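**Q** Sharing a structure with you now.
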Amino acid sequence: MTLRLEYKIIIGVAVGLLLILIGIRVVTQLVNCGKCKAGCNSKFLGLIATDCKCPNDCSKLGKCDNKTGICKCNPGTGGADCSLKLCSPEDCNKQGTCNTKTGECDCKSGFTGKGCLERTCPANCSNNGTCDPKTGKCSCHPGYSGVDCSKKDCPSTGGKVCNGGKNTCNYTTGKCVCNNGTSSDDCSESILNKIKEGGSEFLKHFVKLCPHYDKLDANTLTMVYNDAMQLWKDGWSLSLITDGVKLGSVIKDACMGTK
């Protein structure tokens, strides 16, 4: 009976001590770290709660405020545990979103560079100009034009592209398409006057090919002249051109049928 009583006393004392220790733990938690979000630090085998822990120990990228349990992150890092990499500026100039894994901005279309502070230019100015990152506008190299510098400029005469009128510029090739009876690179020469002046072997045979050239309207004369010139450049002999062999329908209809 005496032995059993002793066991009961020992057990009672142990339980009492345990309750006291738990009480100490609860009280110290309330007093020392009642506002802690990530738990408390402790000592004496965890019996006494001392101050606040910080999340993930601030990822070793910040300083822990043990009174509040809040991390004070190093520059360029953020988040509750300082694990996020911040962009500069943090809002990416309001023209992109921050990738917190890399610390780089993912910019919206039309913006680029660190922090999305630079503007992009259309088609990168087609490699025919320089881009102004402040305005996003191209400054085209000589001989090119357009918002993206993709157009090849044609020759001008008297300030008029391709000598004006109904002449047009092929901005893909940069060559003039002459109408109104004109020719040359800038459409400044009159085909009619050129034929009348003569001189070259081609012009002599052109007159034989199309003897009534002076009765053709300006646009038809331009087409006939250009077709005949192309045949000449392709290597067709003078006799073949003169005899009407391998002629296009434009020449046949305009010259062979001209009265």
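**Q** Of the conditions (1) touching a strand residue (DSSP E or B) at 6+ places or on another chain (Cβ under 6 Å); (2) crowded, with 16+ Cβ neighbours inside 10 Å, L209 clears all except one; give me its number.
**A** Here L209 meets the rest and fails (1).
**Q** Which of the residues spanning the stretch 95-109 are exposed (fewer than 13 other Cβ atoms within 10 Å of the Cβ) and within 17 Å of the chain's Cα centre (by Cα)? Step through it out loud before you land on a result.
**A** Within the stretch 95-109, the first condition is being exposed (fewer than 13 other Cβ atoms within 10 Å of the Cβ), and the residues that meet it are 101-102, 106, 109.
The answer is D106, S109.
**Q** Within the stretch 190-204, is there a residue that is in contact with a helix residue (DSSP H, G or I) (Cβ under 8 Å, 6 or more places away or on another chain), of a type in the set (S, T, N, Q) and farther than 30 Å from D132 by Cβ?
**A** Scanning the stretch 190-204 turns up no residue that is in contact with a helix residue (DSSP H, G or I) (Cβ under 8 Å, 6 or more places away or on another chain), of a type in the set (S, T, N, Q) and farther than 30 Å from D132 by Cβ.
**Q** For the stretch 120-133, enumerate the residues that are surrounded by fewer than 18 Cβ atoms within 10 Å (Cβ to Cβ) and of a type outside the set (S, T, N, Q).
**A** P122, A123, D132, P133
**Q** Taking the residues in the stretch 109-128 that are of a type outside the set (G, A, S) and in a helix (DSSP H, G or I) as candidates, determine which candidate is nearest to G96 (Cα to Cα).
**A** C116
**Q** Still on this structure: Do the conditions hold for T220, that is, is it over 25 Å from G158 (Cβ atoms), surrounded by 12 or more Cβ atoms within 10 Å (Cβ to Cβ) and at pLDDT below 75?
**A** It is false that T220 is over 25 Å from G158 (Cβ atoms), surrounded by 12 or more Cβ atoms within 10 Å (Cβ to Cβ) and at pLDDT below 75.
**Q** Then there's this: I'm told D227 meets every condition in (1) at pLDDT below 70; (2) surrounded by 11 or more Cβ atoms within 10 Å (Cβ to Cβ) except one. Can you identify the failing condition by its number?
**A** With (1) at pLDDT below 70; (2) surrounded by 11 or more Cβ atoms within 10 Å (Cβ to Cβ) applied to D227, the lone miss is (1).
**Q** Here's something else I'd like to know. For the stretch 161-171, state whether one or more residues are within 30 Å of the chain's Cα centre (by Cα) and of a type in the set (A, V, I, L, M, F, W, C).
**A** There is at least one residue in the stretch 161-171 that is within 30 Å of the chain's Cα centre (by Cα) and of a type in the set (A, V, I, L, M, F, W, C).
**Q** For the stretch 169-191, enumerate the residues that are among the small types (G, A, S), in a strand (DSSP E or B) and surrounded by fewer than 18 Cβ atoms within 10 Å (Cβ to Cβ).
**A** The one that is among the small types (G, A, S), in a strand (DSSP E or B) and surrounded by fewer than 18 Cβ atoms within 10 Å (Cβ to Cβ): S190.
**Q** Output the residues belonging to the stretch 230-259 that are of a type in the set (S, T, N, Q) and at pLDDT below 55.
**A** Result: S239, T242, T258.
**Q** In addition: If you go through the stretch 138-168, how many residues are outside any loop (DSSP other than H, G, I, E, B), out of contact with any strand residue (DSSP E or B) (no Cβ under 8 Å at 6 or more places or on another chain) and either loosely packed, with under 14 Cβ neighbours inside 10 Å or not small (G, A, S) (or both)?
**A** The initial filter retains those residues of the stretch 138-168 that are outside any loop (DSSP other than H, G, I, E, B), namely 138-140, 144-145, 151-152, 156-157, 160-161, 168.
Now narrow it down to the ones that are out of contact with any strand residue (DSSP E or B) (no Cβ under 8 Å at 6 or more places or on another chain): 156-157, 160.
Still in the list and also either loosely packed, with under 14 Cβ neighbours inside 10 Å or not small (G, A, S) (or both): 157, 160.
Residues flagged as outside any loop (DSSP other than H, G, I, E, B), out of contact with any strand residue (DSSP E or B) (no Cβ under 8 Å at 6 or more places or on another chain) and either loosely packed, with under 14 Cβ neighbours inside 10 Å or not small (G, A, S) (or both) within the stretch 138-168 amount to 2.
**Q** Could you list, in sequence order, the residues of the stretch 53-84 that are on the phi > 0 side of the Ramachandran plot, assigned to a loop (DSSP other than H, G, I, E, B) and loosely packed, with under 15 Cβ neighbours inside 10 Å?
**A** Within the stretch 53-84, G76 is the sole residue that qualifies.
**Q** Here's something else I'd like to know. Being loosely packed, with under 14 Cβ neighbours inside 10 Å and charged (D, E, K, R) is the filter here, so list the residues in the stretch 192-201 that pass it.
**A** Correct list: K196, E197, E201.
The values are calculated or read from the model by the stated rules, or taken from the named source; none is laboratory data. Computed from a predicted structure; not experimentally measured. Please note: Cβ atoms are built from the backbone with ideal geometry, for glycine as well, and neighbour counts cover all protein chains shown.
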